[in-house]
Amino acid sequence: MIDDIERIRAAAPAAVEAASSVDELRAVEADLLGRRGSLTELKKGLGALDPDARREVGAALNLARGSIEELVEARRAALEGAERAAVIAAERLDLTERTGHRTRGALHLVTQTWDRLVDVFIGMGFTVAEGPEVETDWYNFEALNIPAAHPARGMWDTLYVDLGDPETVLLRTHTSPVQIRVMTETPPPIYAVMPGRVYRRDTADATHMPVFHQIEGLVIDRDISFADMAGTLEAFTSAYFGGSIHSRLRPSYFPFTEPSAEYDINCVFCEGSGCRTCSQTGWLELGGCGMVHPNVLRNVGLDGEEWTGFAFGFGLDRLALMRHGVDDIREMYSGDVRFLEQFPS
Ligand code: PHE
């Protein structure tokens, strides 16, 4: 038996060394020391020996076991270290890769424009409200005095959502439904702007995107006149674009405002003298506005004899494009870093 033990002990270093992974080592360890391992098998023979021999063989077994355990532990530490090093090497990130490039991120141009617009209006005493992008027919059309089958529904190419009855749930086509939400939720006086994402069934081209942004304005108070609206839009124009840019209103039509107007500003490129961007007119069209229609006030339960107000809405993306002289709205949504990097803050 002593010879058997010695043979096992002598063969152990080579077997342990041959294990090339922690898993393989576990198998070798089981062969040598495990419950069915060779040393354990020998130990089972101890009972048949006389006491002296048993003591001698037992001591030899324990010695062999101890030295093999040490070998296994040393090998395990080496293998684990190597495996960890391999994982670290494989997961290594080369953070020096972009050295020399500007790597700091920035807010998207749309977000920057959104923030600046909101800042200007907050400075003028407005609050900010937002509403859901998935709307019902009531908020997007009906409450805004655009009944079903009204020809004005043709002004908005609506994307409907397959929920409820056909054509009752939709992606809002403008931010005007938020006017309705604000008026139903807060008692006047109201001075609020409502920026947000809107959707129209348009094919993307240089001036259209199926997803874009608007900012809506709403004022409801006593004795609000068309002149208050014109003055507010003029004050906003010079605050946002600078003192040399002015606004003008042209008669227009929206079902939810009466009278309605188109809101233009001096061309920000030629400052009114006429250039290619403004087709030599000196003016750029920004959005729509008007006095809140009595039917709209009625729909939200406001007394049109007591309260009057105005609303306006314009394209936020368009504004950013104009401000920065970008000639294709698709640039805004291409995610191209070469474009985005030009608007670092
Ligand atoms: N909602 C209108 C549009 O999307 C703009 C508008 C808003 C007009 C408020 C008048 C008053 O075209």
The chain - charge dipole about Cα centre, Lys and Arg +1 at Cβ, Asp and Glu -1, debye rounded to 20: 680 debye
FRET efficiency for Ala77 and Arg104, using Cβ-Cβ distance with R0 set to 45 Å, rounded to 0.05: 0.55
Any cysteine of the chain lacking a neighbouring Cys Cβ under 4.7 Å - listed by number: Cys289
Value of relative contact order over the chain, rounded to a whole percent, pairs C-alpha under 8 Å and six or more apart: 15 percent
q = 0.09, 0.21, 0.24 Å⁻¹: log10 I(q)/I(0) that the Debye formula gives for the range 1-104, counting C-alpha atoms only: -0.37, -1.03, -1.20
Lys44 versus Arg330: modelled label distance in nm, points set 7 Å from Cα along the beta carbon direction: 7.9 nm
Per-selection Rg to Rh, the chain - Cα, Kirkwood hydrodynamic radius: 1.47
Reference-scaled alpha-carbon Rg (2.2 N^0.38 Å with N residues) for the range 129-267: 1.12
Alpha-carbon centroid distance for the pair the range 278-325 / the range 43-93, whole angstrom: 83 Å
Fraction of alpha-carbon pairs over 23 Å apart in the range 74-171 - percent: 66 percent
Residue list for the range 308-345, given a label point 7 angstrom along the Cα-to-Cβ vector of Val128 and an amide N cut-off under 15 Å: 316
Sequence of Ile88, Ile2 once ranked by neighbouring C-beta atoms within 10 Å, starting from the fewest: Ile88, Ile2
Modelled FRET efficiency - R0 51 Å, Arg276 with Ala149, Cβ distances, 0.05 increments: 0.80
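A short reminder: the numbers here are calculations on the coordinates, not readings from a lab. Values in this document were obtained by computation on a predicted structure and should not be read as measured data. All Cβ positions, even for glycine, are placed from backbone atoms using ideal geometry, and neighbour counts span all protein chains on display.
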